[in-house]
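Reviewing the structure listed below.
The values are calculated or read from the model by the stated rules, or taken from the named source; none is laboratory data. Quantities reported herein were computed from a predicted structural model and do not represent experimental measurements. Heads up, the Cβs are rebuilt from the backbone with ideal geometry, glycines too, and the neighbour counts pull from every protein chain shown. These area figures cover heavy atoms from the full protein model, side chains too; ligands, DNA and RNA do not enter into them. Shrake-Rupley method; radii C 1.70, N 1.55, O 1.52, S 1.80 Å.
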Amino acid sequence: MTPQVTALSPDSSFFHYPYTKEQLEQMVAQGEKARKDAGFDTTVYWMAPDSPTGTLAGFIEMLKNEEWDGVLIGRGVRTDPKMTEWFEQLVNTTREHSPKSKFIFNSDDQDSLGPMKRVFPAK
C-alpha cells in the first residue's frame with residue numbers, strides 16, 4: 001500500500017524565512033516531486049495561522065475527507081518559537097481528526113523524503 005501523506009507547508013507570505021516566496025515554492029515542489037518519484041502519495045497543503053486560504057478549518061476538512069497515513073510538519077513550524085501555539089494546534093487537530101496518522105518531522109528544509117522513509121521504511 002502506498003502511504004498517503006499530507007505535507008503542511010507554511011504560506012510564505014505569513015512567515016519570515018531566509019528564502020524568497022519563489023525559493024520556498026521551488027523547494028516544496030522539488031520535495032513533492034522527490035516523494036512522488038519514490039512512490040509516496042503526497043499532497044501539499046499551504047497554510048498559516050491567519051491565512052485566508054490555507055486555514056485550520058480547511059485542514060480539518062481535508063483530514064475528515066480522506067484517510068491519511070501521515071502528516072509532515074516541517075522544521076519552519078516546529079522550531080520557530082512564535083509558531084509554538086500553532087504547532088500545538090496542528091498536532092492536536094491531527095490527533096483528533098486523523099488519529100491513525102503518523103507524524104513526520106524534517107530537520108532540513110530541503111529534505112522531506114528522508115524523514116518519510118524513516119517513518120514508512122517499507123516504501
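Residues in segment 13-35: is at least one modelled with pLDDT of 90 or more and in contact with a helix residue (DSSP H, G or I) (Cβ under 8 Å, 6 or more places away or on another chain)?
Within segment 13-35, one or more residues are modelled with pLDDT of 90 or more and in contact with a helix residue (DSSP H, G or I) (Cβ under 8 Å, 6 or more places away or on another chain).
So is D50 open to solvent by 50 Å² or more (accessible area, probe 1.4 Å) and either farther than 11 Å from S9 by Cβ or touching a helix residue (DSSP H, G or I) at 6+ places or on another chain (Cβ under 8 Å) (or both) or not? Outline the logic, then answer.
Working: open to solvent by 50 Å² or more (accessible area, probe 1.4 Å): yes; either farther than 11 Å from S9 by Cβ or touching a helix residue (DSSP H, G or I) at 6+ places or on another chain (Cβ under 8 Å) (or both): yes.
Against the criterion (open to solvent by 50 Å² or more (accessible area, probe 1.4 Å) and either farther than 11 Å from S9 by Cβ or touching a helix residue (DSSP H, G or I) at 6+ places or on another chain (Cβ under 8 Å) (or both)), D50 qualifies.
Filter segment 103-123 for residues that are closer than 12 Å to T6 by Cβ and outside any strand (DSSP E or B) and give the result.
Pass one, segment 103-123, residues closer than 12 Å to T6 by Cβ: 103-104, 112, 116.
Scanning segment 103-123 gives S112, M116.
Condition check: more than 11 Å from the chain's Cα centre (by Cα) and either modelled with pLDDT under 85 or within 18 Å of E32 (Cα to Cα) (or both). Does S101 satisfy that? Please lay out each step first, then the result.
Numbers: more than 11 Å from the chain's Cα centre (by Cα): yes; either modelled with pLDDT under 85 or within 18 Å of E32 (Cα to Cα) (or both): no.
Judged against the criteria, S101 is not a match.
Looking at V28, is it assigned to a helix (DSSP H, G or I) and without any contact (Cβ under 8 Å) to a residue 40 or more places away in the chain? Reasoning before the result, please.
Numbers: assigned to a helix (DSSP H, G or I): yes; without any contact (Cβ under 8 Å) to a residue 40 or more places away in the chain: yes.
In short, yes.
Being under 10 Å from the mean Cα position of the chain (by Cα) and not β-branched (V, I, T) is the filter here; which residues of segment 70-80 pass it? Please lay out each step first, then the result.
Within segment 70-80, the first condition is being under 10 Å from the mean Cα position of the chain (by Cα), and the residues that meet it are 70-75, 77.
Within segment 70-80, G70, L72, G74, R75 qualify.
Out of the residues in segment 103-119 meeting the condition of being charged (D, E, K, R) and closer than 21 Å to Q23 by Cα, tell me which one is most open to solvent (accessible area, probe 1.4 Å).
D108
Taking the condition under 21 Å from D11 (Cβ atoms), open to solvent by less than 50 Å² (accessible area, probe 1.4 Å) and modelled with pLDDT of 85 or more, does V44 pass?
Values: under 21 Å from D11 (Cβ atoms): yes; open to solvent by less than 50 Å² (accessible area, probe 1.4 Å): yes; modelled with pLDDT of 85 or more: yes.
So V44 passes the test.
So which of E25, E67, E61 ends up being within 14 Å of the chain's Cα centre (by Cα) and surrounded by fewer than 20 Cβ atoms within 10 Å (Cβ to Cβ)? Before you say what the answer is, go through the steps one by one.
Working: E67 fails: within 14 Å of the chain's Cα centre (by Cα); E61 fails: within 14 Å of the chain's Cα centre (by Cα).
Testing whether each residue is within 14 Å of the chain's Cα centre (by Cα) and surrounded by fewer than 20 Cβ atoms within 10 Å (Cβ to Cβ) leaves just E25.
Hey, could you check segment 74-102 for residues that are part of a helix (DSSP H, G or I) and of a type in the set (S, T, Y) and say which is surrounded by the most Cβ atoms within 10 Å (Cβ to Cβ)? Please lay out each step first, then the result.
Taking segment 74-102 first, the residues part of a helix (DSSP H, G or I) are 75-78, 81-97.
From what is left, the residues that are of a type in the set (S, T, Y) are 84, 93-94.
Details: T84: 12, T93: 16, T94: 22.
The extreme case among them is T94.
Looking only at segment 48-73, which residues are under 19 Å from P99 (Cα atoms) and assigned to a loop (DSSP other than H, G, I, E, B)? Don't jump to the end; show me each part of the working.
The first filter runs over segment 48-73 and keeps only residues under 19 Å from P99 (Cα atoms), leaving 56-73.
Correct list: E66, E67, W68, D69.
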